[in-house]
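Asker: Can you read through this structure? Questions will come right after.
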Amino acid sequence: MHYRPMGKLGWDVSALGFGTMRFPLRGSWTEINEEQSAAMLCYAIDHGVNYIDTAWRYHDGVSEEFLGRTLTREQRAKVRLVTKSPIWLIESKTDFHHFFAKQANRLKTDTIDIYLFHAVNGERWEKIKRLKLLDEMEKLRREGRIKHIGFSFHGSPNTFNEMLDAYPWDMAQIQYNYLDTEFQATVRGLDYAHSKGVAVVVMEPLRGGKLAQHNPEIDLILQEAPIHKALVEWGLHFVMNHPGVATVLSGMSTLEQVEENIAYANSFPSGGLSTPELELIERLRHSYEKKIRVPCTSCRYCVPCPEGVEIPENLSLLNQAVWEGKTLGWMHKWYQEFESTDPYTYWHGKGAASRCTSCGECLSKCPQNIAIPDELVWVRRLFEEGLSVDQLKK
Ligand code: SF4
Ligand code: SF4
């Protein structure tokens, strides 16, 4: 495993970090397949991964509980354990400490290595300032309950820079990949954080798996590559190529993905990517940009919807249809199963797009700023009214 400096913190972090939002499941999002997930964690730690990232809301709290139950004392000593304060649920200092105590309890740890404000945007940054929550973070650090203070970010470039100027953060977690260099914090924000010695941790290096999807045009670009790498490998190497990136979080769902991602972290060239390699990534970026309609990362921050619409599943179907250039039989079958009452169908009860009443409740929760109700109208028109993909309006 390669290790990189963790900003100004004086320790090195594995180039690949383990994100725990996408553990394999036995059923619903809260039913983690513990046997498989434990094997994945074991493999990762045995192969040098020393950074594990979780949050209050991952698997509705079960991710933290599972880590607390599963990490052995020896494993815990080898890793930095990171979790995040659910700032959207906090209305007072008391709330902040209430959630922290529950999280520390779930994780069964005396000290959380890095505690973050989760998914900060302009509104949440105002709340952090109004409630003086940085003072509370400092208090936890003085008491030895946390070691470092940071935030994960889904806001505008201006908010990101304002936050960096307002406080000497230890780390910032941002979305960065070869499609998102001008999105949210942007690459300039990454540069700025790096210049201040803030450790930058990257999430969504593959845009929620979209940059791992093949099609004939992508495959042709890969065949013509000066150096042969897997599609995921190109995505991870692009992120690792920025010297300001400390570690790349990958939300892995199978042991095979863990094995592959560790191999890709190890294959990153020590001198960085060459010009032909960067040109190849530029071709991949162009090809994907044409094909991805909705930048949904399946983070699930938007659910539950009061009407029961399973938003990420619907948007995934929309992207699949645009990707293929048409709706296919299996897509219609899935969509029908979104309203199925048969418990034995795979997608039963997922909540079809036509349930949406355009109440707008999901809009402020989406870190990707997707116009969710508008996109759901297109899902309905594609899968209920027989519209073709060619008729989809941008
Ligand atoms: S706008 Fe539609 S999808 Fe969003 S919360 Fe309201 S009903 Fe649900
Ligand atoms: S619509 Fe937005 S909030 Fe919902 S899963 Fe997709 S990216 Fe996340």
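The values are calculated or read from the model by the stated rules, or taken from the named source; none is laboratory data. Here the structure is a predicted model, which is why all the values come from computation and not from measurement. Cβ sites come from the backbone with ideal geometry, for glycine too, and all protein chains shown count toward neighbours.
Asker: If we only count helices (runs of 4 or more DSSP H) wholly inside segment 272-348, which ones have 2 or more residues that are among the β-branched types (Val, Ile, Thr) and not assigned by TED's automatic domain parsing to the domain that holds Pro373?
Answerer: The qualifying helices (runs of 4 or more DSSP H) are 275-291.
Asker: Might you check whether a residue that is outside any helix (DSSP H, G or I) and either assigned by TED's automatic domain parsing to the domain that holds Cys366 or exposed (fewer than 15 other Cβ atoms within 10 Å of the Cβ) (or both) occurs anywhere in segment 37-59?
Answerer: For segment 37-59, residues outside any helix (DSSP H, G or I) and either assigned by TED's automatic domain parsing to the domain that holds Cys366 or exposed (fewer than 15 other Cβ atoms within 10 Å of the Cβ) (or both): absent.
Asker: Right, here's the next one. Specify the residue that is nearest to Thr297 (Cα to Cα); the eligible residues are those in segment 169-204 that are acidic (Asp, Glu) and in contact (Cβ under 8 Å) with a residue 12 or more places away in the chain. Quick ask: steps written out before the conclusion?
Answerer: Going through segment 169-204, the residues acidic (Asp, Glu) turn out to be 170, 180, 182, 191, 204.
Then keep just the ones that are in contact (Cβ under 8 Å) with a residue 12 or more places away in the chain; that gives 170, 180, 191, 204.
Numbers: Asp170: 26, Asp180: 12, Asp191: 24, Glu204: 8 Å.
So, considering only residues that are acidic (Asp, Glu) and in contact (Cβ under 8 Å) with a residue 12 or more places away in the chain, the one nearest to Thr297 (Cα to Cα) is Glu204.
Asker: Can you tell me which residue in segment 360-393 is farthest from Glu307 (Cα to Cα), limited to those that are within 9 Å of ligand 2 (Cβ to nearest atom) and of a type in the set (Val, Ile, Thr)?
Answerer: Applying the filter and picking the extreme gives Ile370.
Asker: Please pick out the residue among Glu310, Glu384, Glu339 that is in contact (Cβ under 8 Å) with a residue 12 or more places away in the chain, within 23 Å of the chain's Cα centre (by Cα) and within 16 Å of ligand 1 (Cβ to nearest atom).
Answerer: Of Glu310, Glu384, Glu339, the one residue that is in contact (Cβ under 8 Å) with a residue 12 or more places away in the chain, within 23 Å of the chain's Cα centre (by Cα) and within 16 Å of ligand 1 (Cβ to nearest atom) is Glu310.
Asker: Condition first: within 14 Å of ligand 2 (Cβ to nearest atom) and of a type in the set (A, V, I, L, M). Now tell me which residues in segment 288-326 satisfy that.
Answerer: Within segment 288-326, Ile292, Val294, Val303, Val309, Ile311, Leu315, Leu317, Leu318 meet the criteria.
Asker: Report every pair of residues separated by at least 6 positions or lying on different chains whose Cβ atoms are under 6 Å apart, first residue within segment 40-57 and small (Gly, Ala, Ser), second in a loop (DSSP other than H, G, I, E, B).
Answerer: Partner pairs satisfying both residue conditions: Gly48/Met1.
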